[in-house]
Amino acid sequence: MTQKKVMIVDDHPFFIHGLERYLTSTGKYEIRSALSVAEAMVRLEGFEPDLVMMDVSMADGGGMAMLRKVKAQSPVKTMFLTVQIDPEDTIEALRLGIDGIALKDRDPEDIVRAIDSILSGQAAIDPAVTERALRHSVQNPTPTLRQDDLLTAREAEIADFVCMGLRNRDIADRVGLTEGTIKVHLHNIYRKLGVSSRSELIVKQGGLQFRGSAAS
């Protein structure tokens, strides 16, 4: 069996050591770890991981900074493994193309399943994380569309599928995400465009030129 290369980035040595030992014991992964974003960016050179796992909160910028840097350099799979994540950060991570978000208090086997799902091309967002992000989007709507707050390429794609009459499950299958993640994207689309239903979105799309590529 060919091992998958996984980079773990976390500024807690005890945690990172335990996780590295656990994942190595499965025989499925080749692990490389780093205790900071700066160290990780150096250690990534020549390693070419299949997946980069990182904490959201770290001393030198944290996971969001790391996610931006990694996505700017390569199409590698990315995953947050964290104690908690704010809904705003969840939504921003989805905009940046995060492939998975898992919580550290979950059973280790659940984390391994999330890793394997991501490596197989599927998204893996913890349901509790999705629910908090969804509630935040509903409770904090933006009533108007701003020139600098247009849809990302992923959001524009999902909006187009909605206008084609596809259900959330069908859209999820088309784009390789979970239904929960599609719901988060939809509420973000509704927030940006100032609509509250699929029918309103269809009407709105008819009068707007989506520029997702400029925001992705």
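Checked against (1) crowded, with 20+ Cβ neighbours inside 10 Å; (2) touching a Phe, Trp or Tyr at 6+ places or on another chain (Cβ under 6 Å), Arg32 meets all criteria but (1). Considering the stretch 1-55, and only residues there that are closer than 18 Å to Thr82 by Cβ, hydroxyl-bearing (Ser, Thr, Tyr) and not in a helix (DSSP H, G or I), the residue that is modelled with the highest pLDDT turns out to be Ser33.
Residue pairs whose Cβ atoms lie under 7 Å apart, sitting 6 or more positions apart in sequence or on different chains, and linking a residue in the stretch 107-129 that is of a type in the set (S, T, N, Q) to a partner that is part of a strand (DSSP E or B), are Ser117/Ala124. Here the stretch 186-202 is the region considered, the condition is being free of Cβ contacts under 8 Å to residues at least 12 places away in the same chain and in a helix (DSSP H, G or I), and the residue that is surrounded by the fewest Cβ atoms within 10 Å (Cβ to Cβ) is Ser199.
Only residues that are outside any helix (DSSP H, G or I) and among the hydrophobic types (A, V, I, L, M, F, W, C) were counted across the stretch 56-76, and they come to 4.
Residue-wise test of (1) in the same structural domain as Lys28 (by TED's automatic domain parsing); (2) aromatic (Phe, Trp, Tyr); (3) modelled with pLDDT of 85 or more; (4) within 24 Å of Ile85 (Cβ to Cβ).
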position: Ser120; (1), (2), (3), (4): yes, no, yes, yes
position: Arg146; (1), (2), (3), (4): no, no, no, no
position: Val162; (1), (2), (3), (4): no, no, yes, no
position: Leu166; (1), (2), (3), (4): no, no, yes, no
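Only one of (1) at pLDDT 90 or above; (2) over 30 Å from Ile158 (Cβ atoms); (3) among the β-branched types (Val, Ile, Thr) fails for Ile101. Which number is that? So the condition that Ile101 fails would be (2).
Residues of the stretch 77-96 that are modelled with pLDDT of 85 or more and either of a type in the set (Lys, Arg) or assigned to a loop (DSSP other than H, G, I, E, B) (or both): Lys77, Val83, Gln84, Ile85, Asp86. Among residues of the stretch 122-144 being part of a helix (DSSP H, G or I) and among the small types (Gly, Ala, Ser), the one that is modelled with the lowest pLDDT is Ser137. Selection of the stretch 103-130 for residues being of a type in the set (D, E, K, R) and over 14 Å from the mean Cα position of the chain (by Cα) yields Lys104, Asp105, Arg106, Asp107, Glu109, Asp110, Arg113, Asp116.
The values are calculated or read from the model by the stated rules, or taken from the named source; none is laboratory data. Bear in mind the structure is a predicted one, so any value in this text is a computation, not a measurement. Reconstructed Cβ throughout: ideal geometry from the backbone, glycine too, with neighbour counts over all protein chains shown.
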